[in-house]
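The values are calculated or read from the model by the stated rules, or taken from the named source; none is laboratory data. What you are looking at is a predicted structure, and each value in this text was computed from that prediction instead of being measured. Note: ideal-geometry Cβ built from the backbone for every residue, glycine included; neighbour counts use all protein chains shown. All accessible areas refer to the heavy atoms of the entire protein, side chains included, with ligands and DNA or RNA removed. Shrake-Rupley method; radii C 1.70, N 1.55, O 1.52, S 1.80 Å.
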Amino acid sequence: MKTVFEKTKGLTDKELHYCPGCTHGIIHRLIAEALEELDVLDVAAGIAPVGCAVFAYDYFNCDMYEAAHGRAPAVATGIKRTTPDLVTFTYQGDGDLASIGAAEIVHAAGRGEKITTIFVNNAIYGMTGGQMAPTTLIGQKATTAPRGRDEEHTGMPLRMCEMLATIPKAVYVERVAMHDIKHIIQAKKAIKKAFQLQIEGKGFTFVEVLSTCPTNWGKTPVEALEWLERNMIPYFPIGNFRTVEEGK
Amino acid sequence: MSKELWKGNEAIAEAAVRAGCKYFFGYPITPQNEISEYMASRLPEVGGCFLQAESEVASINMVYGASGAGARVMTSSSSPGISLMQEGISYIAAAELPCVVVNIVRGGPGLGGIQPAQSDYFQACKGGGHGDYKLVVLAPNSVQEAVDLVQEAFDIADLYRTPVLVLGDGMIGQMMEPVEFYPIPKRELPEKNWAADGTRGKRPPNIINSLYLKAEECEIENLRRYEKYAAIQKSEVKCETYNLENAEVVCVAYGMTSRVVSNAIDTLEKAGINAGLIRPVSLWPFPSGIIAEVAALPGVKAFLTVEMSMGQMVEDVRLAVSGKKPVHFYGRTGGMVPEVSAVVNEVKRITGEEI
Ligand SMILES: Cc1ncc(C[n+]2csc(CCOP(=O)(O)OP(=O)(O)O)c2C)c(N)n1
Ligand code: SF4
């Protein structure tokens, strides 16, 4: 019989713990496929965040690290500086990367660490139960913004791609989204490109993935996909913010 | 090799390089900047890497990554910076990653000052970060001993898969003393087959981790690590004694303070007063056994703990003496160093002598 589909070797057989309809799982698969297609699983090192993806170390079929909240880029720096041939990636949520770990991500980019960061922006703190994130939209309800995020009180959501794209050594910065098949395919291309540029030793590579959290958004999986498209994309436009192919 | 004059901080850095440390991550803070500066110029010569981190939070997490990948790695800082590292140190202890952290202690709390102090003893020996863990803590009292202990620290770290803290003070870091670099006795070290440095088609993935959501599992991990700590307590106690024979008053002091105290003991001897010294070299494991034995000697009337703090190690001395004899305390704080005459007077007060 002809095989038409196989699960990627980049993922273990461990059952994912994510809520139904959560797009974390799809993002895992895209990363795993990219690593497998580039044939680097046996020289890959991933760093799981503190957040819903904390157990990512059990899911990726390569050497893995669990970092303290927000510190994955610093851990990746230590790994990459001692073992430069390791294809090193961090997987981080918006609380992890844009709040508590804001310093670490900016300076990893500033130094041009030859790592790839996959930034999962679901506009909320998933793991701790739906508190406000630095990427929560104005008017969006969170358990710590019960009347909706108020611009006067907590400012505007941070756009990480736009910020990081100003950094010379950030050679690849792209925002993608998980709301339909077409965009998922685009996301896969961006993730693979980021790894490719890392392998070529170009510099810091960053892919922001707009993702859903049906559980804490209080929506069904389908409603969540629609909400992402209607509300997140207008504020967090998808597309490429920077590609420096020949940067060294 | 003959002796050469070395500044403490630079000697500590060179000792690390001689111990095979090729990676250093750190953030500037006085009075330990010479360690980073020395590493910045020296490590590229041995094919290693020095990197100035954006903060101590980042440096300790870079150490986490580097050690996880199997490298010999070090960071250093001074008190406020070590405070910032505590979360990372707790993760490193839990994930059982070998590394060496140097704290060249300055006066505190808060921003404190930049003069020598010993007020980070609690932080070093009683946890510092969250959770059930221990650090091996070594406290040199000369530049030569700092050089020896730093080299040994890397072996202890690798042997037990544990972070080791070398606790100096601003004086050790800044003063110059004659030093000889000789190879320290080699220990048999286990292979780092746990390192996450790429499976390279040879083994299943390794995971560097400290998360155990099931309470039962977390307890098992802690119990297992505490068996290791028990082995360290058995084999790694380091302690020096001076003039204990016939001592009526036994002083306990570590690091630079111990040198002030031994001078005081010599002065007292000339005045016909018998005092001795117990100097813990490993602050954890603490030499409680030796202190307890000495406390049981009939000739010993009292203990005097001398520290550059408001009294931190004295609590461990009291636990070890366990009520057998009175334990007195003398300390200076905030960066002030006890004077020989002050220690002499304290001992005289205890023996009821005229001051
Ligand atoms: C130092 C520290 N502070 C707070 C926490 C608690 N905490 C765990 S996950 C999390 C937020 C995660 O949110 P995000 O990064 O957006 O990821 P998500 O769960 O949404 O995927 C927080 C605050 C922690 N583990 N460590
Ligand atoms: S809480 Fe949200 S982000 Fe976390 S697994 Fe559930 S849906 Fe996904």
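Quick notes
- Any hit, region A:126-136, residues being surrounded by fewer than 17 Cβ atoms within 10 Å (Cβ to Cβ), free of Cβ contacts under 8 Å to residues at least 24 places away in the same chain, farther than 14 Å from A:Val50 by Cα and among the β-branched types (Val, Ile, Thr): no
- Checked against the criterion of being not aliphatic (A, V, I, L, M) and not in a loop (DSSP other than H, G, I, E, B), the candidates B:Glu188, B:Glu152 yield just one match: B:Glu152.
- Residues of region A:128-142 satisfying the condition of being within 16 Å of ligand 1 (Cβ to nearest atom), over 21 Å from A:His17 (Cβ atoms) and either within 14 Å of chain B (Cβ to nearest Cβ) or not charged (D, E, K, R) (or both): A:Met132, A:Pro134, A:Thr135, A:Thr136, A:Leu137, A:Gln140, A:Ala142
- Condition check for A:Asp96: within 16 Å of ligand 1 (Cβ to nearest atom), of a type in the set (Asp, Glu) and not in a strand (DSSP E or B): yes
- Within region B:75-95, being under 20 Å from A:Glu66 (Cα atoms), more than 9 Å from chain A (Cβ to nearest Cβ) and free of Cβ contacts under 8 Å to residues at least 60 places away in the same chain holds for B:Leu84, B:Met85, B:Gln86.
- Considered as a group, the residues in region A:68-104 that are under 23 Å from A:Leu210 (Cα atoms) and among the hydroxyl-bearing types (Ser, Thr, Tyr) include one that is nearest to ligand 2 (Cβ to nearest atom), and that residue is A:Tyr91.
- Scoring B:Leu223 on the criteria (1) part of a helix (DSSP H, G or I); (2) not assigned by TED's automatic domain parsing to the domain that holds B:Leu167 leaves a single failure, condition (2).
- Pairs, first touching a residue at least 60 places away in the same chain (Cβ under 8 Å) in region A:81-100, second open to solvent by 10 Å² or more (accessible area, probe 1.4 Å) and basic (Lys, Arg), C-beta under 8 Å, six or more apart: A:Thr88/A:Lys80; A:Thr88/A:Lys114
- Hey, B:Leu277 assigned by TED's automatic domain parsing to the domain that holds B:Ala247 and within 27 Å of B:Ala153 (Cα to Cα) or not: yes
- Of all the residues in region B:250-304, those that are at negative phi, more than 26 Å from the chain's Cα centre (by Cα) and not in a strand (DSSP E or B) number 14.
- If you go through region A:45-62 and keep only what is among the aromatic types (Phe, Trp, Tyr) and more than 18 Å from A:Leu86 (Cα to Cα), you end up with A:Phe55, A:Tyr59.
- Residues located in region B:298-313, provided they are without any contact (Cβ under 8 Å) to a residue 40 or more places away in the chain and either surrounded by fewer than 16 Cβ atoms within 10 Å (Cβ to Cβ) or β-branched (Val, Ile, Thr) (or both): B:Pro298
- Total residues in region B:32-61, condition part of a helix (DSSP H, G or I) and touching a residue at least 40 places away in the same chain (Cβ under 8 Å): 4
- For A:Gly148, the criteria (1) open to solvent by less than 50 Å² (accessible area, probe 1.4 Å); (2) in contact (Cβ under 8 Å) with a residue 40 or more places away in the chain; (3) more than 14 Å from every other protein chain (Cβ to nearest Cβ) hold in every case but one, which is (2).
- For region A:88-113, a residue qualifies if it is surrounded by fewer than 24 Cβ atoms within 10 Å (Cβ to Cβ) and on the phi < 0 side of the Ramachandran plot, and the qualifying residues are A:Ala98, A:Ser99, A:Ile100, A:Ala102, A:Ala103, A:Val106, A:His107, A:Gly110, A:Arg111.
- Qualifying residue in region A:198-212 (condition: of a type in the set (S, T, N, Q), within 19 Å of A:Gln92 (Cα to Cα) and within 16 Å of ligand 1 (Cβ to nearest atom)): yes
- From A:Asp63, A:Asp58, residue being at the interface with chain B (Cβ under 9 Å from one of its Cβ atoms) and surrounded by fewer than 24 Cβ atoms within 10 Å (Cβ to Cβ): A:Asp58
- Whenever a residue of region A:193-215 is open to solvent by 10 Å² or more (accessible area, probe 1.4 Å), its partners that are among the acidic types (Asp, Glu) and at pLDDT below 95, lying with C-beta atoms within less than 9 angstrom and at least six residues away or across chains, give the pairs A:Glu200/A:Glu245; A:Lys202/A:Glu245; A:Lys202/A:Glu246.
- Residues in region A:100-127 that are within 11 Å of ligand 1 (Cβ to nearest atom) and within 14 Å of chain B (Cβ to nearest Cβ): A:Ile100, A:Gly101, A:Met127.
- Condition broken by B:Leu167, with the remaining ones in (1) under 15 Å from the mean Cα position of the chain (by Cα); (2) assigned to a loop (DSSP other than H, G, I, E, B) satisfied: (2)
- Check on B:Glu236, open to solvent by 50 Å² or more (accessible area, probe 1.4 Å) and at pLDDT 95 or above: no
- For region B:37-63, a tally of residues being within 11 Å of chain A (Cβ to nearest Cβ) and under 16 Å from B:Gly81 (Cβ atoms) returns 13.
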